Amino acid sequence: MFLVESEAILAAWNAYSDKNTDADGWPYDEVSYGWRMVQRDSETWKAFQSIRYSARELLATAAVQLQHINAGDVEPRWAWQLAELTRALEKLEALQSGHAEVREARRTSAPVSQEEFVDSLAERNEEAWSYLGDWAAYGRVLLDIQAVALKVPPRVLSAIPAPTTLPARRTAGRRG
């Protein structure tokens with residue numbers, strides 16, 4: 001879901017930016033452009049929430065699957081992309097943690113004004129933009145690994161042969 005949503009958000013942003021900047025990339029109206037950028041960042045953060053809580057598990061699953069795929073079926077970029085996604089997730093978690101501190105301060109003894117809270121939120125989203133962009137750019141690797149892993153035949157575990165005779169049970173002589 002995030003991949004599709006982030007692609008749509010980026011396409012809408014690019015269309016807006018193309019229409020509202022000059023040939024050198026300078027916005028015609030800096031205030032409107034800035035507000036639209038805040039909206040883009042907010043929408044992208046919101047879209048990421050659909051996978052944020054399971055992102056670590058998705059990365060761990062892909063890493064395990066990668067170990068079981070035949071070497072000839074592994075794309076060389078996959079390990080690097082998983083590492084980039086992990087790095088980006090760590091940065092996103094740190095940004096969320098920082099914003100959570102501001103949110104908590106708003107509820108406790110040192111209240112934060114509404115303006116400071118909104119600024120903190122916008123700052124988190126702005127700083128998250130590049131890391132969310134990494135997830136949008138490389139997130140498909142999770143699907144690619146999954147698709148190849150599903151084609152790998154399951155490994156058959158050989159059964160441990162049963163002993164030919166069972167060991168005698170000692171029941172007499174012990175009291176518990």
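The values are calculated or read from the model by the stated rules, or taken from the named source; none is laboratory data. Remember, predicted model here, so these are calculated numbers, not experimental data. Cβ: placed from backbone, ideal geometry, glycine included. Neighbour counts: every protein chain shown. Side chains included, ligands, DNA and RNA excluded: accessible areas come from the protein's heavy atoms. Shrake-Rupley method; radii C 1.70, N 1.55, O 1.52, S 1.80 Å.
Figures for the structure shown
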item	result
Pair list, Cβ < 9 Å and 6+ apart or interchain, from the stretch 32-53 residues that are polar (S, T, N, Q) to residues that are modelled with pLDDT of 95 or more and not in a helix (DSSP H, G or I)	32/20
The lone exception for residue 116 - which of (1) farther than 26 Å from residue 10 by Cβ; (2) at pLDDT 90 or above it fails	(2)
All positions within the stretch 4-35 that are under 15 Å from residue 122 (Cα atoms) and in contact with a Pro (Cβ under 9 Å, 6 or more places away or on another chain)	33, 34
Leading residue by the ranking (farthest from the chain's Cα centre (by Cα)) among those in the stretch 93-115 that are polar (S, T, N, Q) and farther than 16 Å from residue 44 by Cα	109
Residues (touching a residue at least 24 places away in the same chain (Cβ under 8 Å) and open to solvent by 40 Å² or more (accessible area, probe 1.4 Å)) located in the stretch 88-108	91
Any hit, the stretch 130-151, residues being among the aliphatic types (A, V, I, L, M), at pLDDT 85 or above, within 27 Å of the chain's Cα centre (by Cα) and not in a helix (DSSP H, G or I)	no
Residues of the stretch 1-35 classified as within 13 Å of residue 48 (Cα to Cα), touching a Ser or Thr at 6+ places or on another chain (Cβ under 7 Å) and surrounded by 12 or more Cβ atoms within 10 Å (Cβ to Cβ), total	3
Among (1) basic (Lys, Arg); (2) at pLDDT below 90; (3) open to solvent by less than 90 Å² (accessible area, probe 1.4 Å), the one test that residue 124 misses	(2)
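Condition check ((1) within 30 Å of residue 150 (Cβ to Cβ); (2) under 21 Å from the mean Cα position of the chain (by Cα); (3) not aromatic (Phe, Trp, Tyr)) across all residues:
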residue	(1), (2), (3)
64	yes, yes, yes
67	yes, yes, yes
82	yes, yes, yes
91	no, yes, yes
117	no, no, no
122	no, yes, yes
